[in-house]
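The values are calculated or read from the model by the stated rules, or taken from the named source; none is laboratory data. Because the structure is a prediction, the values reported are computed rather than measured. No Cβ is skipped: glycine too gets one built from the backbone with ideal geometry, and neighbour counts run over all protein chains shown.
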Amino acid sequence: MTLPPSGHAAWDDLAAWWLSRFKPSTQLTYATYLPRWSRWCADRRMDPLAARRADVELWLRTVADSGLSRASVAGHYDAVASIYRLAYEEELVAANPCARVTRPKIQRELQRREVLTVLEYAAFLTTARHLGPTHHAIAVLGGMMGLRATEMAGLTVESFGAVRGYATLIVLGKGDKPARVPVPIPALAAVQAAVDGRTTGPLLRTRSGAGMERRAVHRYVAATARGAGIARPIGPHALRRTVGTVGLNQGIPLRDVQRLLRHARPETTLSSYDITGEALERHASHQVAGFLAGWAS
């Protein structure tokens, strides 16, 4: 993946090396964010390696004023802060201009994050069964096991095995961390159908028989959602959120849901995966208010 030239060779060389250090999905995102900073610098005839803290803060303000979400603005900051950390480590800059820049805050509770209701997932699963083995496998891998799109795309037939009588999959998660996850009995038939008697090759295949990329997983999920009559856009992460939200709503301990989703911190599980209307209905304030109101005259 290549970045557009900025007109400053040292910066371009640094940017190419910096981008190559990330996995493909992150490269796609950062290859969109960083050029916006480079163009902003070019418009001011400024070498990015000569940027100061005030420049970064002014640029972030223009990004925020462009109408992007807070999460997207924070992503722009993350990209620029990351490359300047590398530049400072390699002594390409005397000081890191991002070192004292405050990362834009994200109001996660107010973010729009799609999740399926139980009835919507039932329709999604039924539709996936009719569409074919790959659609069906994606529906259970994402909606019952909580796998990410990249994790699903990276599965191979060799990933499927058994330990102590439990069917398992070896998943390569965030940070290239491998994890062995159990395949629940309701999901097993779909995974076995995807294996289709093979001993090697990608677990998920397109109609041509080729292995899947992350984008293909997104397309298959979107097609299944449309077939299920779900009008709003649904992606693989909506399936993952469904797993976490349903698990918490069913009273499964937070520790166990956190382990299922392979989150490093329980706060991530609560802030991003407990987001249905039921979370409002179960809010403790209802019980507290009812108790206190009973004492009023």
| task | Look through segment 166-179, keep the residues that are within 11 Å of residue 262 (Cα to Cα), out of contact with any helix residue (DSSP H, G or I) (no Cβ under 7 Å at 6 or more places or on another chain) and not aliphatic (A, V, I, L, M), and return whichever of them is surrounded by the most Cβ atoms within 10 Å (Cβ to Cβ). | result | 174
| remark: In segment 41-70, residues that are surrounded by 13 or more Cβ atoms within 10 Å (Cβ to Cβ), among the small types (Gly, Ala, Ser) and at pLDDT 95 or above total 3
| remark: The condition of being among the basic types (Lys, Arg) and part of a helix (DSSP H, G or I) holds, among 36, 45, only for 36
| Where a residue in segment 240-256 is surrounded by fewer than 21 Cβ atoms within 10 Å (Cβ to Cβ) and its partner, wherever it lies, is not in a helix (DSSP H, G or I), with Cβ under 7 Å and at least six apart | 249/276
| field | segment 145-165, residues that are surrounded by fewer than 21 Cβ atoms within 10 Å (Cβ to Cβ), of a type in the set (A, V, I, L, M, F, W, C) and more than 23 Å from residue 210 (Cα to Cα) | value | 162, 163
| request: Give the number of residues within segment 230-239 that are assigned to a loop (DSSP other than H, G, I, E, B), within 20 Å of the chain's Cα centre (by Cα) and surrounded by 15 or more Cβ atoms within 10 Å (Cβ to Cβ). | output: 2
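Condition check ((1) more than 30 Å from residue 221 (Cβ to Cβ); (2) in a loop (DSSP other than H, G, I, E, B); (3) of a type in the set (D, E, K, R)) across all residues:
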| position | (1), (2), (3) |
| --- | --- |
| 2 | no, yes, no |
| 7 | yes, yes, no |
| 25 | no, no, no |
| 41 | yes, no, no |
| 71 | no, no, no |
| 96 | yes, yes, no |
| 102 | yes, yes, no |
| request: Could you give me the residue pairs with C-beta distances under 6 Å whose first residue belongs to segment 102-123 and is within 26 Å of residue 82 (Cβ to Cβ), whose second residue is modelled with pLDDT under 85 and outside any helix (DSSP H, G or I) wherever it lies, and which are 6+ apart or on separate chains? | output: 113/275
| task | Kindly list the number of the only condition in (1) touching a Phe, Trp or Tyr at 6+ places or on another chain (Cβ under 7 Å); (2) touching a residue at least 12 places away in the same chain (Cβ under 8 Å); (3) of a type in the set (Phe, Trp, Tyr) that fails for residue 22. | result | (2)
| message | Filter segment 85-128 down to the residues that are acidic (Asp, Glu) and modelled with pLDDT of 90 or more and list them by number. | response | 89, 90, 91, 120
| message | Out of everything in segment 15-40 that is basic (Lys, Arg) and farther than 23 Å from residue 149 by Cβ, what residue ends up being surrounded by the fewest Cβ atoms within 10 Å (Cβ to Cβ)? | response | 39
| Of all residues in segment 166-196, how many are part of a strand (DSSP E or B), closer than 29 Å to residue 23 by Cα and out of contact with any Phe, Trp or Tyr (no Cβ under 9 Å at 6 or more places or on another chain)? | 6
| Restricting attention to segment 212-229, which residues are crowded, with 20+ Cβ neighbours inside 10 Å and at pLDDT 95 or above? | 217, 220, 221, 224, 225, 228
